[in-house]
Ligand code: KG4
Ligand code: ZN
């Protein structure tokens, strides 16, 4: 009988320590330890993140292997996030993967975190039908650090046709959440309040950015001044209007993203639209994307909710493809916080 190919994936680019196991293209397990320690700071504190990764990585890998029903001796290769991300955080996953590969005498596979988010669209658990998504498609990659529109010709041939010139969409959610005194990450909290609010209650100015590029820094600043001025007039403004504020802010961010995304679809003549990254967990983005696509006769692909934010299943998925291509990294590879080259 042909031996099954088992890949262990490791993700530690930001504040989630995650391990996942894929066997012959099927996801067997995925375990993530979130870091609550950043909550009270309104953003990720890099030094605290890398310390928490160090504490979490071994237990997380141990549980992922056990949940998958495999041992370290069954693992054929270890795939890890090399970057982009926080250097101190990346170093923990990179060092662990290198040690694991060396100790078990197996190949090491480097994975670009953004490619991982896109690969999440192809994740398949046991008994799941295979995705109908085929190349080429257009992907809106929206996370805490990135906002890009990408033509995906294949997982290893992509062209970025638009991106943010300043803040990412996730950053806008997180920073506005901080202004409101809500926790971190801001996206899910704003999403929750927005469900009960009126999206038309307040209007925020939108950036005029050419082509398929985005800008969220102006919106963040306008939001900050708006809240400051309203609180000056009424101390209870935030508490009394929280749901409406969140709904109006979210409405604006989602509208900016989708207007550009649909324009890009029309202009490239690609009618398969996919989303990936942490912000694609947003309920309004998911809903509106589907509604608009239906109206405009386009197909939509959205990863399952649990694979939108950072996870190692998506890293193991890219690892599996690279293993099949025989693309391995050497032991002298280092973590990389920023990537300039194309995806
Ligand atoms: O992909 P991700 O987990 O990490 C990065 O690679 O950055 O994305 C994290 C981002 C954070 O900014 C977080 O606020 C945002 O995703 N996010 C959301 C939601 N869930 C997570 N934004 C809007 N709505 C959500 N439901
Ligand atoms: Zn991410």
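For every residue, the table says whether it meets (1) farther than 28 Å from residue 13 by Cβ; (2) in a helix (DSSP H, G or I).
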position	(1), (2)
201	yes, no
208	yes, no
229	yes, yes
274	no, no
Problem set entry | Conditions (1) surrounded by fewer than 23 Cβ atoms within 10 Å (Cβ to Cβ); (2) more than 20 Å from the chain's Cα centre (by Cα); (3) part of a strand (DSSP E or B); number of the one not met by residue 3 | (3)
Seminar exercise, completed: Restricting attention to region 44-72, the residues that are within 16 Å of ligand 1 (Cβ to nearest atom), in contact (Cβ under 8 Å) with a residue 40 or more places away in the chain and not in a helix (DSSP H, G or I) number exactly 1
Seminar exercise, completed: Checked region 166-185 for anything assigned to a helix (DSSP H, G or I), touching a helix residue (DSSP H, G or I) at 6+ places or on another chain (Cβ under 6 Å) and away from ligand 2 (no atom under 15 Å from the Cβ); matches are 172, 175, 176, 177, 179
Seminar exercise, completed: Checked region 283-318 for anything crowded, with 16+ Cβ neighbours inside 10 Å, in a helix (DSSP H, G or I) and more than 16 Å from ligand 2 (Cβ to nearest atom); matches are 284, 286, 288, 289, 292, 293
For this session: Quickly run through region 137-165 and pick out the residues that are outside any strand (DSSP E or B) and surrounded by 17 or more Cβ atoms within 10 Å (Cβ to Cβ).
Result: 143, 144, 145, 146, 155
Problem set entry | Some residue of region 73-83 being under 23 Å from residue 322 (Cβ atoms), assigned to a strand (DSSP E or B) and more than 23 Å from the chain's Cα centre (by Cα) | yes
For this session: Can you confirm whether region 105-117 contains a residue that is away from ligand 1 (no atom under 16 Å from the Cβ), touching a strand residue (DSSP E or B) at 6+ places or on another chain (Cβ under 6 Å) and part of a loop (DSSP other than H, G, I, E, B)?
Result: yes
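A short reminder: the numbers here are calculations on the coordinates, not readings from a lab. Please read all numbers here as calculations on a predicted model, not as lab measurements. Ideal geometry is used to build each Cβ from the backbone, glycine not excepted, and the neighbour counts take in all protein chains shown.
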